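Take a look at the structure set out below.
What follows is calculated from the coordinates using simple rules that are stated; it is not laboratory data. None of these values were measured; they are calculated from a predicted model. Here Cβ is always computed from backbone atoms with ideal geometry, including for glycine, and neighbour counts include all displayed protein chains.
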Amino acid sequence: MLTIALSKGRIFEQTLPLLKKAGLDISSKELDSRKLVLNTNLDDVKIIILRASDVPVFVQHGAADIGVSGKDVLLEHGGLGLFELLDLEIAKCRLMVAARDKSDLNQSTLKIATKYTNSTKRYFQSKGRQVEIIKLSGAMELAPIVGLANCIVDLVDTGNTLKANGLIALDHIYDISSRLIVNSASFNTKHKEINRWIAKIEDNL
């Protein structure tokens with residue numbers, strides 16, 4: 001049995017066509033259900049539905065053999081216990097520093113609102129900047145407006161949300177896309193089976 005971990009939303013929607021081209025299909029009935037474990041057209045492959053941040057955790061601990069995760073989530077997770085095997089080149093965006101103005105970054109101690117705490121720490125440490133990081137789960141754009149932070153670190157796609165809230169993208173931290181990851185132990189015990197799926201998916205990118 002092979003278990004594949006996916007998260008609902010943009011990554012899920014863009015991964016399904018890749019899996020279908022590789023020969024793995026999920027019925028409309030399964031997709032429309034509230035089930036967290038989905039059957040596929042193959043008896044030996046199951047799909048589990050998780051929060052995006054939990055995908056690498058389930059793969060790391062072997063609860064899933066394979067997963068699809070955004071690079072932003074993997075940077076936060078650290079990659080322990082898993083291999084990043086393939087860039088699927090889907091759900092692309094950028095991890096950026098944004099503020100109302102460039103001058104907002106001219107602080108001796110920069111206050112930054114973000115949910116990407118590890119990536120933010122690494123980036124500003126590499127710049128030799130002293131920072132205070134305020135962890136938020138959402139509504140990052142509000143932080144500079146109400147004076148909670150000088151700037152934010154968040155994912156940027158079109159930039160429309162930033163613009164609507166009077167912010168501009170200033171510094172580029174990382175290009176983000178979705179990656180195919182595999183449990184390191186599973187890669188040894190199910191090497192042939194996993195490699196076959198990777199090859200099928202890669203052929204259809």
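Values computed for the structure shown
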{"quantity": "With Cα atoms, 0 to 90° folded angle of helix 10-21 axis to the chain main axis", "calculated": "30 degrees"}
{"quantity": "Cα-centred dipole magnitude for the range 93-176, charges only on beta-carbon of K, R (+1) and D, E (-1), debye, nearest 20", "calculated": "220 debye"}
{"quantity": "Principal axis dimensions, largest first and in whole angstrom, of the range 93-176 by Cα", "calculated": "30, 28, 23"}
{"quantity": "Relative contact order of the chain, defined on C-alpha pairs under 8 angstrom at six or more residues apart (%)", "calculated": "28 percent"}
{"quantity": "Over 29 Å between alpha carbons, listed pairs Lys21/Lys71; Lys29/Lys192; Lys92/Lys163; Lys71/Lys127; Lys20/Lys192; Lys20/Lys135", "calculated": "Lys29/Lys192; Lys20/Lys135"}
{"quantity": "Relative contact order for the range 93-176, counting Cα pairs under 8 Å that sit 6 or more residues apart, in percent", "calculated": "50 percent"}
{"quantity": "Size of charge dipole - the chain - debye, nearest 20, with Cβ of Lys, Arg +1 and Asp, Glu -1, no other charges", "calculated": "300 debye"}
{"quantity": "Against the rule of thumb 2.2 N^0.38 Å, how large the Cα Rg of the chain comes out", "calculated": "1.15"}
{"quantity": "Over the range 105-153, volume per residue of the alpha carbon convex hull, in Å³", "calculated": "60 Å³"}
